[in-house]
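Comments concern the structure below.
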Amino acid sequence: MRRWHNQWLKRMGTKSTTADIEKHLRELKACAMCPNMIGPVIVHRPVISKVYLVGQAPGPREGDLGRPFAWTAGKRMFGWFEQLGLNEEEFRSRAFISAVCRCFPGKAKQGGDRVPAPDEIERCSKWMRREIEMLEPELVIPVGRLAIEQMLQRKAPLTEVIGNQFRTTAFGKTFDLIPLPHPSGASTWFHQHPGKELLAEALQLIGRHPAWIDLKDSRKIK
């Protein structure tokens, strides 16, 4: 795996190394800045990639399984990506998966998962800042309303952002951003009009993006 990444690094021209990402992830896993969050800290593999996916926060199952998007929402999302030529394992090994918050927020009093508080989002943003500075992604894919708002730095209806590509700057780096709706099993948004059509448009944009095409081509580097 390390040899594969070294070849991939040369191809991408990135300054960071797999060892840099491993050190970052060790520090991230030791984070205990948010007392109301429920550990463990969920981190991705030490992957160097120009495709950077941003989730919202881990769910209650991810802690036991030890990886992001490990339950039903992940199964649906990886199904979307398989339509674009990458199965779950290929995506996990070639793209970097992050989140607005890296610990499970717990349950809300009214049911469902608690939305992270603004101060928790702010504290956790230091890790995303470092990752974006290290990886310098070309394509960022925020998944779900919270992730979209954080990366676009504004609130907007899903109907205004899904199916569109944005050129934006965050944490001092400029990149293309293609939002996706959250693939929750409880959501019906992407099953109905206009969500169904907008999701299809968003996936087409991702599939045509040079960074995604390069991600698929990376299979040839062994």
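All but one of (1) touching a Gly at 6+ places or on another chain (Cβ under 9 Å); (2) at pLDDT 95 or above; (3) surrounded by fewer than 18 Cβ atoms within 10 Å (Cβ to Cβ) hold for Thr168; state the number of the condition that does not hold.
Result: Thr168 fails condition (1) only.
Does segment 46-69 hold any residues that are part of a loop (DSSP other than H, G, I, E, B), modelled with pLDDT under 95 and either surrounded by 18 or more Cβ atoms within 10 Å (Cβ to Cβ) or aliphatic (A, V, I, L, M) (or both), and which are they?
Of everything in segment 46-69, just one residue is part of a loop (DSSP other than H, G, I, E, B), modelled with pLDDT under 95 and either surrounded by 18 or more Cβ atoms within 10 Å (Cβ to Cβ) or aliphatic (A, V, I, L, M) (or both), namely Gly59.
Please pick out the residue among Gly79, Gly74 that is assigned to a helix (DSSP H, G or I), of a type outside the set (A, V, I, L, M, F, W, C) and within 13 Å of the chain's Cα centre (by Cα).
After ruling out the rest, the residue left standing is Gly74.
Specify the residue that is surrounded by the fewest Cβ atoms within 10 Å (Cβ to Cβ); the eligible residues are those in segment 171-196 that are closer than 15 Å to Met77 by Cβ and among the aromatic types (Phe, Trp, Tyr).
Only one residue tops the list, namely Trp189.
In segment 32-44, is there at least one residue being within 18 Å of Ser125 (Cβ to Cβ), surrounded by fewer than 18 Cβ atoms within 10 Å (Cβ to Cβ) and without any contact (Cβ under 8 Å) to a residue 60 or more places away in the chain?
Checked segment 32-44: at least one residue is within 18 Å of Ser125 (Cβ to Cβ), surrounded by fewer than 18 Cβ atoms within 10 Å (Cβ to Cβ) and without any contact (Cβ under 8 Å) to a residue 60 or more places away in the chain.
Which residue is nearest to Thr18 (Cα to Cα), if the candidates are limited to segment 73-115 and must be touching a residue at least 60 places away in the same chain (Cβ under 8 Å) and touching a Pro at 6+ places or on another chain (Cβ under 6 Å)?
It comes out as Cys101.
Would segment 12-22 turn up any residue that is surrounded by 13 or more Cβ atoms within 10 Å (Cβ to Cβ), over 18 Å from the mean Cα position of the chain (by Cα), more than 16 Å from Arg130 (Cβ to Cβ) and at pLDDT below 95?
Taking every residue of segment 12-22 in turn, at least one turns out to be surrounded by 13 or more Cβ atoms within 10 Å (Cβ to Cβ), over 18 Å from the mean Cα position of the chain (by Cα), more than 16 Å from Arg130 (Cβ to Cβ) and at pLDDT below 95.
The values are calculated or read from the model by the stated rules, or taken from the named source; none is laboratory data. The model shown is predicted, which means the values in this text are computed figures rather than measured ones. Cβ: placed from backbone, ideal geometry, glycine included. Neighbour counts: every protein chain shown.
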